[in-house]
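To keep things clear, I will list the structure first and then write my remarks on it.
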Amino acid sequence: MREDHKLQAAVQSRLDLDPSINSSHIGVAARQGIVTLSGHVGTLLERSAAERAAGQVKGVRVVINELSVELAGISRTSDEQIAERAYARLASNVSVPLSRLHLAVMDGTVTLHGDVDWPFQLQAAIDDLELLEGVREIRSDAQIRPPVSADQVQEKIKLALARVAPLDAERIDVTANGSEVTLSGQVTSWHEKGLAESTAWCVPGVSQVTNQITVL
């Protein structure tokens, strides 16, 4: 379809113009507002930057990020070095309860195990690990075990959404299964969809957010 080709070109152009992204090995496909990125980049930060850039293009409803991280063989960092640097970096971050987390490293992939109280603590650990040279991928099976009851999570999210000015909270449905939350309904932009999700994550007791909101 013509609109798909126009969106594909717009996303490719946005990637080409971003100085933090080497788009020469990135492929873009677009279909009815769903954009898929394929190919490879040099770092995890570049992978995240490409996803953000694509999501900022008008008309993009969903970004599927299939980019892999391929490191130059000459600059490969050993798993032992990655493990040492990862532990040191997380130990210096006051937001990360390192005593409750442990790391596994294999072929440049770092996996987080253990548990934390809040989502922001796990995200802080992931953000730190993304900055490490030589990391190909970050995985996590760490559990979020909030110290508060999850019974009121749904109501707290509804109240939080109602306070966010750009959002029409009445058009967003919230369902909670314990600490796991699902958002559905409709918004008018990709930004509003992301804003609703980030608002839900900020509510104490939330361990998982599934964002099924549709962008009109």
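The values are calculated or read from the model by the stated rules, or taken from the named source; none is laboratory data. All figures in this text were calculated on a predicted structure; none of them were measured in a lab. Neighbour counts run over all protein chains shown; Cβ positions are idealised from the backbone, glycine included. Just so you know, the surface numbers come from the protein's heavy atoms only, side chains and all, with ligands and any DNA or RNA stripped out. Shrake-Rupley method; radii C 1.70, N 1.55, O 1.52, S 1.80 Å.
For the reader, a short list of remarks on this structure follows.
- The antiparallel fraction among DSSP beta bridges confined to the chain stands at about 50%.
- The residues of the chain have, on average, 55 Å² of accessible surface per residue, using a 1.4 Å probe with all protein chains present.
- Working from label points 7 Å from Cα in the Cα-to-Cβ sense, the residue 62 to residue 126 distance is 1.8 nm.
- Cβ-based net charge around residue 32, under 12 Å, with every Lys or Arg adding one and every Asp or Glu removing one: 0
- Region 79-216 - percent of accessible surface contributed by carbon and sulfur, probe 1.4 Å: 47
- Relative contact order, percent, region 1-123 [alpha-carbon distance under 8 Å, six or more residues apart]: 18
- Within the same chain, lysines fewer than 8 places from residue 193 are excluded, and of the rest, those with a Cα less than 20 Å from its Cα are 58, 156, 158.
- Local electrostatic count, residue 8, Cβ distance below 13 Å [Lys/Arg +1, Asp/Glu -1]: +1
- Shape call, the chain: gyration tensor on alpha carbons, a/c limit 1.5: oblate
- Only helices enter this figure: runs of n ≥ 4 DSSP H residues, each worth -39500 (n - 2.57), summed and divided by the residues of the chain, yield -11000 deg cm²/dmol at 222 nm to the nearest 500.
- Averaging the sequence gap over all C-alpha pairs within less than 8 Å and six or more residues apart, then dividing by the number of residues, gives the chain a relative contact order of 14 percent.
- Length added when fully stretched, residue 84-residue 143, from 0.36 nm per residue minus Cα-Cα: 18.9 nm
- Here the Gaussian network model covers the chain, with springs between Cα atoms less than 10 Å apart; of 37, 159, 98, 159 fluctuates the most.
- More than 25 Å apart - percent of Cα-Cα pairs taken over region 76-203: 40
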